[in-house]
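Every number in this text was worked out from the coordinates using simple rules, so none of it is lab data. None of the values given here were measured: they were computed from a predicted structure. In this analysis, Cβ positions are derived from the backbone assuming ideal geometry, glycine residues included, and neighbour counts consider all displayed protein chains.
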Amino acid sequence: MRITLIQDILFWADKEANLKMTEKNLSALSGTTDLVVLPEMFTTGFCTDQLNLAEGNDGQTIKSLKSWAEKYQLAITGSFIASENGKIFNRAFFVFPTGEVKTADKRHLFSMGGEHKHFAPGDKRMIVNYCGFNICILVCYDVRFPVWARNINNEYDLLIFVANFPERRISDWDILLKARAIENQSYVCGLNRIGIDGLGIAYNGHSALLDFKATPLLDFPENEKSTQTFELSTEPLQKYREKFAVWKDADAFEII
């Protein structure tokens, strides 16, 4: 499976500008990749108090994603600000090339950034099957909570974190991504943005694609726009899991 990470800026609270930029990036990737990873809240930036930006699964964002996935024949994942039944969510999505959409909401809300004041937490994980991979998609702050990310009985092969992870704590991001790869014996993708947001918070990227030993498979320049693609295979992962079967001795956590 060919996976593409797009490390880029985001326009603060400007859906039209972000959607336009995203479509331009996706159109250039048509025929060259199977899955494209976008950042957390890719249409707005981390606007936790601008609830007017929220929309349902039948809104402009999902409609655009479905259209692009079908047109360019690739899958797309990321998150956006969603509204449903009077509640607001930081909603992760996975859109298949057929236009089918799967979603799950961010579990751990970043209380120090006020996210918990306006957003409701998710109560389920999303694991999708695509191109022979079982893929789990989580959102930013979820990276700090290993029990929520736990790979029980190898139920996923690739763990993706989409993020707006600030520069001042980026060393945590680097370490946590590696830890998640090693402890879960899984490929790990972490996609982060760059630039300065509307609150003056700086983001310097450090997007990453790691193998199951936390070995970097791609190298992203700091503070620079970069689109990179890598072809993953389940074969070396399965061989490693058979040879070094740590997962068989894991605690039996139940996700509820």
For the range 149-256, one quarter of the surface area of the C-alpha convex hull, expressed in nm², comes to 7.9
Answer rounded, prolate or oblate for the range 66-213, using the Cα gyration tensor with square roots of eigenvalues a ≥ b ≥ c: rounded when a/c is under 1.5, else prolate when a/b is larger than b/c, else oblate.
rounded
Determine the sum of side-chain charges near L65: Lys and Arg each +1, Asp and Glu each -1, restricted to other residues whose C-beta is under 13 angstrom from that of L65.
+1
What's log10 of I(q)/I(0) for the range 1-43 at q = 0.33 Å⁻¹, Debye sum over Cα points only, no solvent?
-1.24
May I ask for the Rg/Rh ratio of the range 14-113, computed from Cα atoms with Rh as the Kirkwood radius, given to two decimals?
0.96
May I ask for the angle, rounded to the nearest 10°, between helix 60-72 and the longest principal axis of the chain, with both axes built from Cα atoms and the value confined to 0 to 90°?
60
Label points 7 Å out from Cα along the Cβ direction at I152 and E16: separation in nm?
4.7
To test your reading of the geometry: what angle, between 0 and 90 degrees and rounded to tens, separates the Cα axis of helix 170-184 from the longest principal axis of the chain?
40
Taking 0.36 nm per residue of sequence separation and subtracting the Cα-Cα distance, how much length would be gained by fully extending the chain between K213 and H116, in nm to one decimal?
31.5 nm
Could you state the number of Å between the C-alpha centres of the range 206-256 and the range 1-42?
22
